[in-house]
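As structure tokens, the structure follows; a few thoughts come after it.
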Amino acid sequence: DFSKAMSQAGPSQFQEVIRQELEYSMKVELDKILATAPSNELEHTKKDLEGFKKLFHRFLQEKGPSVDWGKIQRPPEDSIQPYEKIKARGLPDNIASVLNKLVVVKLNGGLGTSMGCKGPKSLIGVRNENTFLDLTVQQIEHLNKSYNTDVPLVLMNSFNTDDDTKKILQKYSHSRVKIYTFNQSRYPRINKETLLPIAKDVSYSGENTECWYPPGHGDIYGSFYNSGLLDNLIAEGKEYIFVSNIDNLGATVDLYILNHLMNPPNGKRCEFVMEVTNKTRADVKGGTLTQYENKLRLVEIAQVPKAHVDEFKSVSKFKIFNTNNLWIALSAIKRLQEKNAIDMEIIVNPKTLDGGLNVIQLETAVGAAIKSFENSLGINVPRSRFLPVKTTSDLLLVMSNLYSLNAGSLTMSEKREFPTVPLVKLGSSFTKVQDYLRRFESIPDMLELDHLTVSGDVTFGKNVSLKGTVIIIANHGDRIDIPAGALLENKIVSGNLRILDH
């Protein structure tokens, strides 16, 4: 009797047998996939599948949230420095020589699908026809011209964004920025029931597009190293990378932080700096820095045991969250990569494909590696360094007169009386960029706005001003047209409103 034999074997032995069987089945399937690779892709595919195999092995070993809540402590005072203190040190005369040690890396693997756009998210226009990528190049070019330096830009693309991005890069061939790219890995999605890959061969076009995924930005360490670019940059004398999401318009090169890294006050260099900023109610789910087994550690909401999720979200207990602006020593990445010593928790991301199939993809996050580096540090930066554009509600803010644009950098307008950003919630009629653009004849004046909620079929005429709290709700079947030149201050507009031209 199999079940009787297994009950005598004990649960841990039983689990071990299951694990070994799953690993063996996975290996067989991956070998089949590899056998379909054309010779020019063989080496690359092999590296990808090896990386995936390691991740899958760890996924089978680890179960449940990977933090022991009892061990989580508040970080020691000096392990998270206030930005003001770092800035107060000023800048050395030779800031150009410090800048020449820097490389800017942008995470460019994401598509614009959540905003209804095809192709890379970095190619969406965000301000005066400029895309995220345009603004990034302008920022670095401005640095290089101002200080007569050679700070390069590196884009980590995914197989989803690589072709389109490379086509666009030709337009920057005369700019004063060297641009390099490398690709993050391509891993197979696995069937949630069988835990086997849904891909049958290496192709990723046509009906196979859904079979593969880029495994999160934690893949940067391995891919950067494998691409050969890491070694080339070290050979050129580069020492630090500044990594950030390409859709975070606040993530510009900060000279004070760079100086702190290159010329540390205590003489001991940090290998890893994470910029954190104070949580607001909107950020309760953001990952936070904690002290764990005498190391700084990033804890994400997915790792928190269910019983402690509310505590994790508490703004009073965990006051800061990770902006994903990171400064990392190149030599440390090389050392840890060669020792296979970068430890990042696995994020299990469940998806349902168009045909209804449930799959999971195994991912890692770049900031989770902080505990593998020596002498890590958090810097509590102003909120202005975290300006992500994830939705059209965010897009409305950065397109508006709340911000002014100078050399690719957005700064909050001096005319705004208070430093916080208004809370904007646009309804589902605005989700796609083309619908959003159609509904605004021009972007409203928002300098004195605190809160805007828009729901239903609403359009805005030219030169509308919004102040205080404005709520506009068109019920199902109704339509509201806000007329040109209207001033809405602390108003609730609902029902049906159409201004007809006479």
Check: Of the numbered conditions (1) under 21 Å from the mean Cα position of the chain (by Cα); (2) surrounded by fewer than 20 Cβ atoms within 10 Å (Cβ to Cβ), Phe318 satisfies every one except a single condition; which is it?
Finding: (2)
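Can you tell me which of Ala332, Ala307 is part of a helix (DSSP H, G or I) and open to solvent by less than 20 Å² (accessible area, probe 1.4 Å)?
On the way: Ala307 fails: open to solvent by less than 20 Å² (accessible area, probe 1.4 Å).
Only one candidate qualifies: Ala332.
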Margin query: For the range 395-406, check the following and say yes or no: at least one residue is without any contact (Cβ under 8 Å) to a residue 12 or more places away in the chain, exposed (fewer than 15 other Cβ atoms within 10 Å of the Cβ) and not acidic (Asp, Glu).
Written below: yes
Check: Can you name the residue in the range 90-132 that is touching a residue at least 60 places away in the same chain (Cβ under 8 Å) and assigned to a helix (DSSP H, G or I) and is also surrounded by the fewest Cβ atoms within 10 Å (Cβ to Cβ) among such residues?
Finding: Ser114
Notebook entry, point to check: What are the residue pairs meeting all of these: first residue in the range 290-308, first residue under 19 Å from Ala365 (Cβ atoms) and touching a residue at least 40 places away in the same chain (Cβ under 8 Å), second residue open to solvent by 50 Å² or more (accessible area, probe 1.4 Å) and of a type in the set (A, V, I, L, M), Cβ atoms under 9 Å, and 6 or more apart or on different chains?
Noted result: Glu300/Ile347; Ala302/Ile347; Ala302/Val348; Gln303/Ile347
Note to self: Looking at (1) outside the structural domain of Gln81 (by the TED database); (2) surrounded by 17 or more Cβ atoms within 10 Å (Cβ to Cβ), which one does Val381 not meet, given that it meets all the others?
What the structure shows: (1)
Next item on the list: Check the range 362-373 and report whether any residue there is open to solvent by less than 60 Å² (accessible area, probe 1.4 Å), closer than 24 Å to Phe52 by Cβ, in contact with a strand residue (DSSP E or B) (Cβ under 8 Å, 6 or more places away or on another chain) and charged (D, E, K, R).
Entry: yes
Check: Which numbered condition trips up Asn226, out of (1) at pLDDT below 95; (2) of a type in the set (S, T, N, Q); (3) farther than 19 Å from Glu50 by Cβ?
Finding: (3)
Notebook entry, point to check: In the range 371-382, which residues are at pLDDT below 95 and among the β-branched types (Val, Ile, Thr)?
Noted result: none
Next item on the list: Please tell me if Ala341 is loosely packed, with under 15 Cβ neighbours inside 10 Å, of a type in the set (Gly, Ala, Ser), free of Cβ contacts under 8 Å to residues at least 40 places away in the same chain and out of contact with any Gly (no Cβ under 8 Å at 6 or more places or on another chain).
Entry: yes
Note to self: For the range 255-290, give me the residue count where each residue is within 12 Å of Val315 (Cβ to Cβ), polar (S, T, N, Q) and open to solvent by 20 Å² or more (accessible area, probe 1.4 Å).
What the structure shows: 2
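Which one of Ser314, Ser393, Ser384, Ser376 is out of contact with any strand residue (DSSP E or B) (no Cβ under 8 Å at 6 or more places or on another chain) and over 26 Å from Pro188 (Cβ atoms)? If you could, list the steps in order and put the result at the bottom.
On the way: Ser393 fails: out of contact with any strand residue (DSSP E or B) (no Cβ under 8 Å at 6 or more places or on another chain); Ser384 fails: out of contact with any strand residue (DSSP E or B) (no Cβ under 8 Å at 6 or more places or on another chain); Ser376 fails: out of contact with any strand residue (DSSP E or B) (no Cβ under 8 Å at 6 or more places or on another chain).
Sole residue among the options that is out of contact with any strand residue (DSSP E or B) (no Cβ under 8 Å at 6 or more places or on another chain) and over 26 Å from Pro188 (Cβ atoms): Ser314.
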Check: Which of the strands (runs of 3 or more DSSP E) contained wholly in the range 230-294 include at least 2 residues that are touching a helix residue (DSSP H, G or I) at 6+ places or on another chain (Cβ under 9 Å) and among the hydrophobic types (A, V, I, L, M, F, W, C)?
Finding: 240-245, 272-278
Notebook entry, point to check: Tally time: how many residues in the range 202-243 are under 18 Å from Leu353 (Cα atoms), surrounded by fewer than 19 Cβ atoms within 10 Å (Cβ to Cβ) and not polar (S, T, N, Q)?
Noted result: 4
Item checked: Check on His174, without any contact (Cβ under 8 Å) to a residue 12 or more places away in the chain, open to solvent by 70 Å² or more (accessible area, probe 1.4 Å), more than 23 Å from the chain's Cα centre (by Cα) and not assigned by the TED database to the domain that holds Lys32 -> yes
Checklist line | Entirely in the range 433-481, the strands (runs of 3 or more DSSP E) that have 1 or more residues that are open to solvent by less than 60 Å² (accessible area, probe 1.4 Å) and more than 28 Å from Gly112 (Cβ to Cβ) | finding: 445-455, 465-473
Checklist line | Selected residue (only one of Ile179, Ile190, Ile168 is at pLDDT 95 or above, assigned by the TED database to the domain that holds Leu362 and open to solvent by less than 10 Å² (accessible area, probe 1.4 Å)) | finding: Ile190
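Against the definition (open to solvent by 10 Å² or more (accessible area, probe 1.4 Å) and within 29 Å of His142 (Cα to Cα)), how does Ile246 come out, yes or no?
Details: open to solvent by 10 Å² or more (accessible area, probe 1.4 Å): yes; within 29 Å of His142 (Cα to Cα): yes.
When the stated conditions are applied, Ile246 passes them.
Condition check ((1) in the same structural domain as Phe430 (by the TED database); (2) basic (Lys, Arg); (3) at negative phi) across all residues:
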residue: Lys462; (1), (2), (3): yes, yes, yes
residue: Leu466; (1), (2), (3): yes, no, yes
residue: Ile472; (1), (2), (3): yes, no, yes
residue: Asn475; (1), (2), (3): yes, no, yes
residue: Arg479; (1), (2), (3): yes, yes, yes
residue: Ile482; (1), (2), (3): yes, no, yes
residue: Leu487; (1), (2), (3): yes, no, yes
residue: Asn490; (1), (2), (3): yes, no, no
Next item on the list: Select, from Asp231, Asp201, the only residue that is under 19 Å from Thr45 (Cβ atoms) and either modelled with pLDDT of 90 or more or of a type outside the set (Ser, Thr, Tyr) (or both).
Entry: Asp201
Check: So, in the range 79-89, of the ones that are in a helix (DSSP H, G or I) and closer than 10 Å to Ile379 by Cα, which residue ends up modelled with the lowest pLDDT?
Finding: Ser79
Check: Quick one: in the range 408-426, which of the residues that are over 20 Å from Asn490 (Cβ atoms) and not hydroxyl-bearing (Ser, Thr, Tyr) is most open to solvent (accessible area, probe 1.4 Å)?
Finding: Glu414
Next item on the list: Quick one: count up the residues across the range 134-159 that are free of Cβ contacts under 8 Å to residues at least 40 places away in the same chain and either more than 16 Å from Val98 (Cα to Cα) or open to solvent by 10 Å² or more (accessible area, probe 1.4 Å) (or both).
Entry: 2
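The values are calculated or read from the model by the stated rules, or taken from the named source; none is laboratory data. Computed from a prediction, not measured in an experiment: that's the story for all the values here. Positions of Cβ are backbone-derived with ideal geometry, glycine not excepted, and every protein chain shown enters the neighbour counts. Accessible surface areas use protein heavy atoms only, side chains included; no ligands, DNA or RNA. Shrake-Rupley method; radii C 1.70, N 1.55, O 1.52, S 1.80 Å.
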